[in-house]
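Participant: Before we start, here is the structure in question, set down as structure tokens.
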Amino acid sequence: MAENNDRQPTVGLFVTCLVDLFRPTVGFSAVKLIEQAGCNVEVPRAQTCCGQPAYNSGDQRNAKAIARQVIAAFESFDYIVAPSGSCAGMLKVHYPTLFADDAEWQARASAFADKVNELISFLCDIRGVTDVETEFEGTVTYHDSCAGLRELGVESQPRALLKSVAGLTLAEMKDADVCCGFGGTFCVKYPDISNAIAERKTADIAATGAATLLAGDLGCLMNMAGKLQRQNVSVSARHVAEVLAGMTDVPPIGEVS
Amino acid sequence: MSARDAIMSNIRRSLEARGSDAGRRAIVIARLDHPPRGVIPERGQLPPDERLALFCQIAEEASASIARVPSNDGIPEAVAVYLRDHNLPTEIRMGEDSLLAGLPWASKTQITIAHGPSDGSDAVSVSHAFAGVAETGTVVLISGSDNPTTLNFLPETHIVMLSAEDIAGDFETVWENIRRRYGKGDMPRTVNMITGPSRSADIEHTILLGAHGPKRLHVVIVG
Amino acid sequence: MEVTSPAFKDNARRALGDPQLQKAMGHVRTGFIDKRQQVADALPEFEQLRDSARDIKNHTLEHLDLYLEAYEEKVRGAGGEVHYAETSAEAREHILGICQRAGARIVTKGKSMVAEEIGLNDYLVANGIEPVETDLGEYIIQLRNEPPSHIIAPAVHLTKEQIEVDFRRAHAQLSPERDLSEPTSLLTEARGVLRERFLAADVGITGANFLVAETGTSVIVTNEGNGDLTQILPKVHIVIATIEKITPTLDDVSQILRVLARSATGQEMSVYTTFSTGPRRAEDPDGPREYHVVILDNGRSSMLGSKFHDMLRCIRCGACMNHCPVYQEVGGHSYGWVYPGPMGAVLTPSLVGIDAAGHLPNASTFCGRCESVCPMRIPLPKMMRHWREDEFERHLSPATTRWGLGFWAFFAKHSRIYRLGARLAIRILGKLGSGKGRFKKLLFAGGWTRHRDFPAPEGKTFQELWAERDRKS
């Protein structure tokens, strides 16, 4: 167990269900980056999901129930950090709106939300990290996941940190800030439309000539990686945290070593 | 209950408000009486020379053409030159605008003039603008027998005379001037704000001029 | 207009497979979006103006009854007549009454989404009156007997080849040898045909972008000038507009105008912005002799103060749909009624019911691009979510969806069971996928794997591995 240093803030890591289930490497990359930035990291066991599927489907009852659990499990930390713009957005932007009719939880949700950060934005904006001191050979391109971009303003930070990675070249794609077509349940409720949007995205990705696609949201990445592979386009996909943390010895998403 | 009553009462019910509420009424009366100006772009807030230059630049970007003459007397020739350059007939229609009427048309040009509103059979019309707006290269025209509104829309070529001193930096100044002329809360029947000739992009997004209104808008600026 | 929104998925599938539509929609992506960005960047005050416009509308809605009263008084004072209509049917009847009293046979129309909403054209035809759409895009779709597919560019879904076919069919009196291969020739032909109609019309009907309370003025914004020819040539001018078009003052209108054209077409100012107040006066040699305003409610007054209140700020610029990744793929007709794209997804259920229009607020990724470009800062995704809440409460969502979400929510609320279940499921999936790293087919994931591979998980959950790491240290 890490020693509790009074001068170091303690971060509660909100792993996110997709990272927990599909790609723990992203979680470990996040831990490494947060520790490198001078914080202790704890991972509350009583975490599952941020509640977005319920929330976006109009199931307010379950959304609130899940939110209360998350807030209770995390509110004692100095910061709450998630390697996902959409989950961080749910916690930071949407949780406070769930309890308009409940003064106690409204207050708790607001106090909690103040401490929530998406991972890359936490490193840059809160911890002042400017250089991740690692290397990655090759050309990458970066997709701006919608919630991170529009709810949390995450745009310049990943690019700034990628710039500090030795050997890495960033080739911007056209329409990097346009949706990839994932949209949570949207991609399975309206698969044909989602597919059309995803095809547009993979065309833009392929046009950059980059060997690797990066983004800050695993849902988007699984969607884009899955589409690239179905189309036999040889672009690998990783979460940006993996590259920044220098943890790229695991195969890219959906590939075997 | 009339439709009007039903709508009003539903609005009030939805807003949880009463029509008799003096506080609400006072707010509305105050705004209508003293319209607040809002955000005015810096762009048009320039000394007269620069305002004029900005007007010309933006109007040309909107596909209007510009000619400049030093004084009113130069207008007939400027119009004649334009008609010749575009192979247009030397017949124009205008309203009863006294400034336009008093110009040396006959002594300086071969142009014949018809007066009154257009019925669609005129090729060229000439109007005198009430104002210009530098912010967007817009001319402002007012209805009436001086400059009938049909002259702004029916002929294929519309020539507008504008005094440089009437070019305002922003729309709000124009409204102030209109209020001064017509009285607070009153308007002429029609105020046209026109920026360039008629256009449409409805066919494959291709911008084409002369959709229904004039194909050509020529602004002759005096001063 | 018939509501085909329940068939959204079928409409969309057809749209996705329609090469002409896909080609035409390409123009939306490049045309509107880039131009809007350029003009927004060129105006330093653009963001402040968005705030100002939003605040003006909010203030107006809070006092809508009083501004409506003030507006009406000014219209009457200028010699105009005001007719109130609660429903589409009442509005149609008012308009028909005015047309019949004027002995109208031909009516020209400026572009009006409200006129579409009330189904005016079919009603006039049924009553022996011929409506002629004069906006070029509206004219084209009228020839095709189609509804508009975009609120400001109604024919955006068509290619010039398609338009040529329609013109040859409809303008049979013109020479068959004529060349219509270029947009210019199509435009010239439409100009000629419609000029005759403008001059022949007995009544002209327009919408209104704004109804100004200060002066009793109706404002229309066009690039073609068709709205102007519609309203000044005939004996009678009818304005049809809904109550939320009321705007307090001329200065307020100027504020909103500064963001309207920029957001809609990427122009700084539309070619024609026209302010009309009443019928012709003694000093007017031209203009309509009668001026009527039909003010329609059709559900707006109930939206006030509700979860959908913010939707009443909409100025019908179309920026939201231009930027919507869903709209760009499926086009406007897929939405099945008058209003497409994000604003249609929020407004349509209010007007035709969530039962019929349920797909619309669901067919969104909530990417938020619409809200980010809306000049009136309308929180469109939030209101789409409110519709989803209504559907959920009324059990209108499909059973499989509810079941799947309920299943997931159960696990999300019971972390220990979740962890155990996850360990097992991920272990299995990991093993199954370890050969190729991904699945081409996966049970329960047919919607996903139809079009893309499904990446295999790493094989253990993060929580598992973290616990192992804890035990080691």
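Participant: Pick out, from the range A:1-67, the helices (runs of 4 or more DSSP H) lying fully within it that include 1 or more residues that are hydroxyl-bearing (Ser, Thr, Tyr). Before you say what the answer is, go through the steps one by one.
Facilitator: Working: elements: A:17-22, A:24-36, A:52-56.
Result: A:24-36, A:52-56.
Participant: Then there is this: Collect the residues in the range A:199-234 that are free of Cβ contacts under 8 Å to residues at least 60 places away in the same chain and either within 24 Å of C:Arg388 (Cα to Cα) or in a loop (DSSP other than H, G, I, E, B) (or both), keeping them in residue-number order.
Facilitator: A:Asn223, A:Gln231, A:Asn232, A:Val233, A:Ser234
Participant: Could you check the range B:98-121 and list, in sequence order, the residues that are under 16 Å from B:Leu88 (Cα atoms) and free of Cβ contacts under 8 Å to residues at least 24 places away in the same chain?
Facilitator: B:Thr112, B:Ile113, B:Ala114, B:Ser121
Participant: Can you say whether A:Val93 is assigned by TED's automatic domain parsing to the domain that holds A:Thr185, of a type in the set (A, V, I, L, M) and out of contact with any Cys (no Cβ under 6 Å at 6 or more places or on another chain), as far as the supplied structure shows?
Facilitator: Considered against the rule, which asks whether it is assigned by TED's automatic domain parsing to the domain that holds A:Thr185, of a type in the set (A, V, I, L, M) and out of contact with any Cys (no Cβ under 6 Å at 6 or more places or on another chain), A:Val93 comes out as no.
Participant: Is at least one residue of the range C:326-341 more than 16 Å from the chain's Cα centre (by Cα), under 25 Å from C:Ile56 (Cβ atoms) and assigned to a helix (DSSP H, G or I)? Spell out the reasoning first.
Facilitator: Applying the first criterion (more than 16 Å from the chain's Cα centre (by Cα)) to the range C:326-341 yields none.
Among the residues of the range C:326-341, not one is more than 16 Å from the chain's Cα centre (by Cα), under 25 Å from C:Ile56 (Cβ atoms) and assigned to a helix (DSSP H, G or I), which makes the answer no.
Participant: Further question on the same structure: Which residues, counting only those in the range C:382-425, are basic (Lys, Arg) and exposed (fewer than 13 other Cβ atoms within 10 Å of the Cβ)?
Facilitator: Filtering the range C:382-425 for residues basic (Lys, Arg) gives C:382, C:385, C:388, C:394, C:402, C:413, C:416, C:419, C:423.
Those that are basic (Lys, Arg) and exposed (fewer than 13 other Cβ atoms within 10 Å of the Cβ): C:Arg394, C:Arg416.
Participant: Which residues, taken from the range C:9-34, are within 21 Å of B:Glu61 (Cα to Cα) and in contact with a helix residue (DSSP H, G or I) (Cβ under 9 Å, 6 or more places away or on another chain)?
Facilitator: So the first thing to find is which residues in the range C:9-34 are within 21 Å of B:Glu61 (Cα to Cα), and the list is C:30-34.
C:Gly31, C:Phe32, C:Ile33, listed by residue number.
Participant: Can you name the residue in the range B:156-187 that is crowded, with 24+ Cβ neighbours inside 10 Å and over 30 Å from C:Lys35 (Cα atoms) and is also farthest from the other protein chains (Cβ to nearest Cβ) among such residues?
Facilitator: In this case the residue turns out to be B:Met161.
Participant: Next up: Output the number of residues of the range C:9-30 satisfying the condition of being farther than 17 Å from A:Ser194 by Cβ and within 14 Å of chain B (Cβ to nearest Cβ).
Facilitator: From the range C:9-30, those farther than 17 Å from A:Ser194 by Cβ are C:18-21, C:23-24, C:26-30; that's our starting set.
Now restrict to residues that are within 14 Å of chain B (Cβ to nearest Cβ): C:20-21, C:23-24, C:26-30.
Residues flagged as farther than 17 Å from A:Ser194 by Cβ and within 14 Å of chain B (Cβ to nearest Cβ) within the range C:9-30 amount to 9.
Participant: Residue by residue through the range C:91-101, note down the ones that are closer than 13 Å to C:Arg289 by Cβ and crowded, with 18+ Cβ neighbours inside 10 Å. Walk me through it before giving the result.
Facilitator: To start, the set of residues in the range C:91-101 that are closer than 13 Å to C:Arg289 by Cβ comprises C:98, C:101.
Answer for the range C:91-101, where residues must be closer than 13 Å to C:Arg289 by Cβ and crowded, with 18+ Cβ neighbours inside 10 Å: just C:Ile98.
Participant: Let me ask you something else. Anything in the range B:3-56 that is hydroxyl-bearing (Ser, Thr, Tyr) and more than 7 Å from chain C (Cβ to nearest Cβ)? List them, or say none. Please lay out each step first, then the result.
Facilitator: Filtering the range B:3-56 down to residues hydroxyl-bearing (Ser, Thr, Tyr) leaves B:9, B:14, B:20.
Answer for the range B:3-56, where residues must be hydroxyl-bearing (Ser, Thr, Tyr) and more than 7 Å from chain C (Cβ to nearest Cβ): B:Ser9, B:Ser20.
Participant: Another question about this same structure. Select, from C:Ala78, C:Ala70, the only residue that is modelled with pLDDT of 95 or more and farther than 19 Å from C:Thr206 by Cα.
Facilitator: C:Ala70
Participant: Identify all residues within the range C:315-327 that are buried (at least 22 other Cβ atoms within 10 Å of the Cβ) and within 26 Å of A:Ile197 (Cβ to Cβ); write none if there are none. Can you show your working first?
Facilitator: If we filter the range C:315-327 for residues that are buried (at least 22 other Cβ atoms within 10 Å of the Cβ), which is where we start, we get C:315, C:317-327.
Answer for the range C:315-327, where residues must be buried (at least 22 other Cβ atoms within 10 Å of the Cβ) and within 26 Å of A:Ile197 (Cβ to Cβ): C:Cys317, C:Gly318, C:Ala319, C:Cys320, C:Met321, C:Asn322, C:His323, C:Cys324, C:Pro325, C:Val326, C:Tyr327.
Participant: Inside the range C:74-151, counting only strands (runs of 3 or more DSSP E) that do not spill past its ends, which hold 3 or more residues that are facing another protein chain (nearest Cβ under 10 Å)? Even if it seems obvious, please write down each step before you answer.
Facilitator: Numbers: elements: C:81-85, C:106-109, C:130-133.
The qualifying strands (runs of 3 or more DSSP E) are C:81-85.
Participant: From the residues in the range C:1-21 that are more than 19 Å from the chain's Cα centre (by Cα) and over 17 Å from B:Ile203 (Cβ atoms), which one is surrounded by the fewest Cβ atoms within 10 Å (Cβ to Cβ)? Explain how you work it out, then say what you get.
Facilitator: Filtering the range C:1-21 for residues more than 19 Å from the chain's Cα centre (by Cα) gives C:10, C:13-14, C:16-20.
If we keep only those that are over 17 Å from B:Ile203 (Cβ atoms) too, we end up with C:10, C:13-14, C:16-19.
On the way: C:Asp10: 12, C:Arg13: 16, C:Arg14: 15, C:Leu16: 17, C:Gly17: 11, C:Asp18: 16, C:Pro19: 8.
The residue in question is C:Pro19.
Participant: Now, a different point. Quick check on my filter: what residues within the range C:274-312 are β-branched (Val, Ile, Thr) and under 22 Å from C:Gln48 (Cα atoms)? Reasoning before the result, please.
Facilitator: So in the range C:274-312, the residues β-branched (Val, Ile, Thr) come out as C:274, C:277, C:293-295.
The answer is none; no residue qualifies.
Participant: Can you find even one residue in the range C:435-452 that is at the interface with chain A (Cβ under 7 Å from one of its Cβ atoms) and of a type in the set (Val, Ile, Thr)?
Facilitator: no
Participant: Looking at the range C:185-229, which of its residues are β-branched (Val, Ile, Thr), more than 9 Å from every other protein chain (Cβ to nearest Cβ) and part of a helix (DSSP H, G or I)?
Facilitator: Start the filter on the range C:185-229 by keeping residues that are β-branched (Val, Ile, Thr), which leaves C:188, C:193, C:203, C:205-206, C:212, C:215, C:217, C:219-222.
Retained after the next criterion (residues that are more than 9 Å from every other protein chain (Cβ to nearest Cβ)): C:193, C:203, C:205-206, C:219-221.
Hit for the range C:185-229 is C:Val193, nothing else.
Participant: Considering each residue of the range A:61-82, count those that are in contact with a Cys (Cβ under 8 Å, 6 or more places away or on another chain) and either within 10 Å of another protein chain (Cβ to nearest Cβ) or over 22 Å from A:Thr10 (Cβ atoms) (or both), and give that number.
Facilitator: Looking only at that region, the number is 2.
Participant: I've got another one for you. In the range A:207-257, what residues are within 19 Å of A:Phe182 (Cα to Cα), β-branched (Val, Ile, Thr) and either out of contact with any Gly (no Cβ under 7 Å at 6 or more places or on another chain) or modelled with pLDDT under 95 (or both)?
Facilitator: A:Val233, A:Val235, A:Ile253
The values are calculated or read from the model by the stated rules, or taken from the named source; none is laboratory data. Just so it is clear, the model here is predicted, and its values are computed rather than measured. Here the Cβ is made from the backbone with ideal geometry for all residues, glycine too, and neighbour counts use every protein chain on show.
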